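Beneath this line is the structure, given in structure tokens, with notes to follow.
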Amino acid sequence: VRKMVYMYLVHYADATPATRELALLSVNSFQKDLAGGAPAVRALALRVLSGIRVPDILQIQILGARKCAGDPSPHVRRCAAMALPKLCGRALTVDASLAGGLAPVLRTLLVSETDPSVLSSAVMAYGEMNTAADGTEDDALLHGCYRKVSHLLTD
């Protein structure tokens, strides 16, 4: 039942003002699930929370991704890495200063991560977030962790 409700929220959260209000009311439930016991529940909550396209909860979504990036479970950290590009794209349209707060989270994942699945998701997120508006790329973030990334991604 939880997954069905989450899927409904992701698909219809921004359809009408009534569903937007329903999405805002469900944020408290997502925050409780982000602090829940099972890693699968935390990961699902973050995945759905970051998929809701309501600009009013963008700061809460970013805080959730930041919190889950430091989670002890690799599955939750991987979901946090995959949520970063979605949130960055939305943050750039709402407030560019919010998008700047996502770069340190990505940097932490790239530099300190030892799990190959999380690291590969962080590299993919880096690739999606790195392209500037003019089409150029800035690879300065990868310089500090290139050898580690090359070594771990062969696993």
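Per-structure values
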quantity	calculated
Degrees, to the nearest 10: 2-12 long Cα axis against longest axis of the chain	90
Summed residue charge, Cβ within 9 Å of Val54's Cβ, Lys/Arg positive, Asp/Glu negative	0
Residues Ala35 and Leu142, FRET efficiency given R0 of 30 Å [Cβ-Cβ distance, rounded to 0.05]	0.40
Percent carbon-and-sulfur accessible area, region 1-144, ignoring ligands, DNA and RNA, probe 1.4 Å	61
Environment charge at Gly89 (Cβ cut-off 13 Å; Lys +1, Arg +1, Asp -1, Glu -1)	+1
Between helix 74-94 and the chain: long-axis angle, C-alpha atoms, 0 to 90°, nearest 10	80
Contact order normalised by residue count of the chain, Cα under 8 Å, 6+ apart, percent	17
GNM flexibility winner over the chain from Leu58, Leu46, Leu142 (Cα, springs under 10 Å)	Leu142
Stretch gain in nm, segment Glu128-His151, where the contour uses 0.36 nm per residue and the Cα spacing is subtracted	6.1 nm
Whole-Å distance, taken between Cα centres, linking region 1-29 and region 54-113	20
Sorted largest first, extent of the chain alpha carbons per principal axis (Å)	49, 38, 19
Helix 116-130 vs. the chain, principal-axis angle (Cα, 0 to 90°, nearest 10)	80
Per residue, in Å², the accessible surface of region 1-69 once ligands and nucleic acids are set aside, probe 1.4 Å	55
Computed [θ] at 222 nm, helices only, for the chain once each DSSP H run of length n ≥ 4 contributes -39500 (n - 2.57)	-23500 deg cm²/dmol
His11 - accessible surface, heavy atoms, 1.4 Å probe, Å² rounded to 10	120
Interchain or long-range residues, amide H under 5 Å from Asp14's placed H	Arg53
Selected from Leu49, Pro116, Tyr126, residue furthest toward positive end of dipole (region 22-155; charges at beta carbon)	Leu49
In order through region 46-57: 3J(HN,Hα) via Karplus (6.51 cos²θ - 1.76 cosθ + 1.60), integer Hz, x for Gly, Pro	5, 4, 6, 4, 6, x, 6, 9, 10, x, 5, 10
Dipole in debye (nearest 20) - region 1-97, about Cα centre, beta carbon charges: Lys, Arg +1; Asp, Glu -1	340
Fluctuation leader among Ala80, Ala65, Ala38 - the chain, Gaussian network, Cα springs under 10 angstrom	Ala38
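The values are calculated or read from the model by the stated rules, or taken from the named source; none is laboratory data. Owing to the predicted nature of the structure, the values given are computational and were not obtained by experimental measurement. Positions of Cβ are generated from backbone atoms using ideal geometry, with glycine treated the same way; all protein chains shown enter the neighbour counts. For the accessible areas, the whole protein counts, side chains as well, though only heavy atoms, and no ligand, DNA or RNA atoms are used. Shrake-Rupley method; radii C 1.70, N 1.55, O 1.52, S 1.80 Å.
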